[in-house]
Amino acid sequence: MTDGQDERIGVIITDDANRVIEVDDDYVEIVGHSRRDLVGRYALSFTHADDLVRNRPLLDGLSRSGRGFAITKRYVRGDGSLVWVHNHVSRLRRPSGDHHVAVTCRPIDRPVDAGLKRNHDLARQICATLGTMKRELTADIISSPAAEALLWLYRAELEGRSMRVDEIAHTVDVAPSVMVRWARLLGERGLVEAEGDDRLGLGTTVRISGRGERSLDRLFSTLGS
């Protein structure tokens, strides 16, 4: 992931059978297929065959549990070329009561496995170190709930999962009501995204935003360099 990467974010909506029902202009451009070719097709029709083995179980899990996920994968464009994307996938409840699936799609540079692994290892080490420091020096001295929440969400993103606000509160060891306030602030700053349209609360599933992810990518790229 680089500072010069594509800033477009496409959106696709599917029905409960995972058939495409809506796409925006950015998504059409990213995947290189016409809107007419996309609508009505199975959502994974354009996913590279080698990435289906990871994508299908995650999509099936969303159908069963409603829990969203993130995935980095390849699309096969209309001209046969490949484009790497990072997708956030979540369940969307329409006013009619129907449950659809919403996907935000961000094109990225081809991932460098070593770089992603390094960032993940660093995130895990920092999370563990902060936990040890809080136990040794007490949390009132070593504590920044917003920064820790963002760090844990970055780690979760690299692991292809999202977290609920109450789960983050437990992980960071702060009062749930306090974490709700911090999560709302992070959302206002554009650093995290919440699933659903309801006001962010303890049961809301959140994930780091593209902006937040790129910021931490840049931060980790400077560590040890």
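Scanning region 72-101 for residues that are hydrophobic (A, V, I, L, M, F, W, C) and modelled with pLDDT of 85 or more gives Val76, Leu82, Val83, Trp84, Val85, Val89, Val101. All told, Val180 meets the bar of being more than 17 Å from the chain's Cα centre (by Cα), farther than 20 Å from Ser65 by Cβ and modelled with pLDDT of 90 or more.
Selection of region 140-163 for residues being outside any helix (DSSP H, G or I) and not aliphatic (A, V, I, L, M) yields Asp140, Ser143, Ser144, Glu159, Gly160, Arg161, Ser162.
Name the pairs: first residue in region 39-51 and in the same structural domain as Val28 (by TED's automatic domain parsing), second residue in a helix (DSSP H, G or I) and of a type in the set (D, E, K, R), Cβ to Cβ under 7 Å, at least 6 apart or on different chains? Every condition considered, the pairs that remain are Leu44/Arg56. A count restricted to region 104-140 and to residues that are more than 19 Å from the chain's Cα centre (by Cα) and modelled with pLDDT under 75 stands at 4.
The values are calculated or read from the model by the stated rules, or taken from the named source; none is laboratory data. Keep in mind that what you see is a predicted model, and the values were worked out from it rather than measured. Here the Cβ is made from the backbone with ideal geometry for all residues, glycine too, and neighbour counts use every protein chain on show.
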